[in-house]
Every structure is written in C-alpha cells, then in structure tokens.
Amino acid sequence: KKVYLWSHGVKTSELKTSTRLLFKAFFTHVTGVLMYNRYNCKYMKMIGCREECLHVIHNSLDTSTQSAIYERLSSSDIYTRHFGNNNPTLIYIGRIQRVKKTEQILDAMALLKEKGLYVNLVVVGANVDDEMFTQKLSDYQLQDNVWMYGPCFDEKKNSELIYNAAVCVSPGNVGLTCIHVLSYGTPVITNDNFSTQMPEYEAIKKGVTGDFFKENDIDDLANKIDYWISLTPEQRSNSRNIARETIVNEWSVDYQINLLTKILI
C-alpha cells in the first residue's frame, strides 16, 4: 500500500551518523512526504529524499469560517474607546511564554517612546510562564498602553481585535498566529532566524504582508514596527488584500484538499 507521512521533516544538516541513518530509513521508504513548509525540504534531500516525493501542504485554520467573518468586517473604534487615544495598536495573540519572547515587544515600545513615537499593545492570551513580561510592563510604566485582554476563543471578537490592529508582533517563533492574523489581512512581524521558526513564517511576504527583524535586535524590531504603523491607507489596503489572497491560495483547507486530491487520486 502507498504510505504518506505528514511531517516537519528534518530540520538541520547537522546530524549524528546514527540519526541520519534513522531519518534516511524512515523518510526515504515511503511513497511521499507532506511537508509543512519549503525550508526543510533541502534537509530532506540531503538524507536522500527525492524532490518529486516531497509535497508542501502547509498548514491551515478554519478558513471557511474566517473568510465568512472577514466579509462582514469593517474598521471600528475598539482601540480608541479602550485606550482613549489614537495611537496605532500592536497585537500579540497567543500564549505569553518565554519561548515567544513577548517582553521584546515592550522593549521596542519603550524605545519608540523615547523617540516620541507612542503605540498601544493588546495581548490576547494567557501568561503561561513569562514573568519578565509582567516585570517589564511595570518597569517601563506602560500599563496605560497595554491591554491585557486575556484568552479569547470567540472568533468574532478575535477578528475585530486583529482587523483593527496596525500590525501583529510575535518576536519568537510565530507558528499559527501568523496564519490567524494574515487571515484577517493584518501584517505580521517576527524574527529572521528561520532555522528555529515554525513553518508558518513562510506565509509572510517580506515588505508586503509583514517583516522579519534581526533576532533579538530591539532596535531593528522598533524600526520595523515604525515602518508598519506608518503605512498610508492605500498601502494598508494593498497589504490586507495580498495577505488574504496568500492565505486563501496557499494556507487554506481548500489548498490542502486540492493537493491531497492531486496526490492521492
């Protein structure tokens, strides 16, 4: 029988001989491998996988539900009402964890504040283990500019929060947050260390639907935020349209079904 694997695949070229042999035996004796992204395909070829056996299937969320919500979305005053100002609002949606380096958003906000650039931040998610975030929030005295929204599983509420934000900032590995945010046309900023990133970073079109800052470089992160909060309405609309197009065409359930149909039938 035909056997297919759906996998991240091999993530590095630096493998012990025993590990390389194990991966080679596991991945090269199947009919095909469904890969989450293109980046790891090069490592798969290094262990002997044939290119025609590697199929990039990506990842997805509930595309049809999100698309239906998107069609009814429009700008609202949710942030001006909450913060009482007209500052651009950043969003982070997901669990607050050390691995996500969410405190770096506060570092960048403090740096921008020193330059006279004021932004707000809404955090949609629970603080799991990032005590540094709580400490820096107090140290920088940013409490009035940070909305700790907390966990939210109501997609209509999430969509409004995402849609009305200027940009999503995810300093660590971005994961499905990227797909969630781009689904509503909001750009994403994350770090440029692709070897440690989650596969979904590939959905970002650099300079078009988001950006990559030099990992752990707060000055560069602040500069990237400055750029994306300064878009003209026309640039923002163009970015939103391309983000939506990217998700529907490459990171949706329909894309995955079409690929599976092509491969399996």
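Setting aside same-chain residues fewer than 8 positions from Lys214, which aspartates and glutamates have a Cα under 17 Å from its Cα?
Glu103, Asp107, Asp192, Glu202, Asp226
Would you please name the trypsin sites (Lys or Arg not before Pro) within segment 104-151 that are DSSP coil residues with at most 12 other C-beta atoms within 10 Å of their C-beta? Intermediate values should be presented prior to the final figure.
Values: sites: Lys113, Lys115, Lys136; in loops: Lys115.
Within segment 104-151, the qualifying trypsin sites (Lys or Arg not before Pro) (loop, at most 12 other Cβ atoms within 10 Å) are Lys115.
Given 0.36 nm per residue, what is the gain on full extension from His29 to Asp254 after removing their alpha carbon distance, in nm?
Gain on stretching His29 to Asp254: 78.2 nm.
For Phe153 paired with Asp62, estimate the spin-label separation in nm (one decimal), with each label point 7 Å from Cα along the Cα-to-Cβ line.
Going from the Phe153 label point to the Asp62 one covers 1.1 nm.
Would you please state which residues of segment 23-61 a label at Lys262 would reach in this model, taking the label point 7 Å out along Cα→Cβ and a backbone N cut-off of under 19 Å?
31-42, 50-61, by backbone N distance to the label point.
Between Val3 and Thr19, what length comes free when the chain is fully extended (0.36 nm per residue of separation minus the Cα-Cα distance, one decimal in nm)?
Stretched out fully, the Val3 to Thr19 stretch lengthens by 3.6 nm.
How much length is gained on full extension from Ser230 to Lys205, taking 0.36 nm per residue of separation minus their Cα-Cα distance?
7.2 nm
Excluding ligands and nucleic acids, what accessible area in Å² is computed for Lys156 using a 1.4 Å probe, to the nearest 10?
About 130 Å², rounded to the nearest 10.
Calculated from DSSP H runs of 4 or more alone, at -39500 (n - 2.57) each and per residue, what is the 222 nm mean residue ellipticity of the chain, nearest 500?
That calculation yields -12500 deg cm²/dmol at 222 nm.
From the backbone phi of segment 114-125, what are the Karplus-calculated ³J(HN,Hα) couplings (6.51 cos²θ - 1.76 cosθ + 1.60, θ = phi - 60°) in whole Hz, Gly and Pro given as x?
4, 8, x, 10, 10, 9, 9, 9, 10, 10, 9, x
In Å², and per residue, what accessible area does the chain have when probed at 1.4 Å with the other protein chains present? Present the calculation step by step, with values, prior to reporting the outcome.
Working: 13180 Å² over 265 residues.
Heavy-atom accessible area per residue stands at 50 Å².
What FRET efficiency do you get for Lys42 and Asp129 if R0 is 35 Å and r is their Cβ-Cβ distance, rounded to the nearest 0.05?
With a Förster radius of 35 Å, E is 0.60.
Take the cross-link list Lys11/Lys205; Lys2/Lys100; Lys11/Lys156; Lys157/Lys206; Lys2/Lys45 and give me the ones stretching past 31 Å between alpha-carbons.
Values: Lys11/Lys205 22 Å; Lys2/Lys100 38 Å; Lys11/Lys156 36 Å; Lys157/Lys206 28 Å; Lys2/Lys45 20 Å.
The pairs that break the limit, which is 31 Å between Cα atoms, are Lys2/Lys100; Lys11/Lys156.
The values are calculated or read from the model by the stated rules, or taken from the named source; none is laboratory data. All values reported here derive from a predicted model rather than from experimental measurement. For neighbour counting, all protein chains shown are included, and Cβ atoms are generated from backbone atoms with ideal geometry for every residue, glycine included. Side chains included, ligands, DNA and RNA excluded: accessible areas come from the protein's heavy atoms. Shrake-Rupley method; radii C 1.70, N 1.55, O 1.52, S 1.80 Å.
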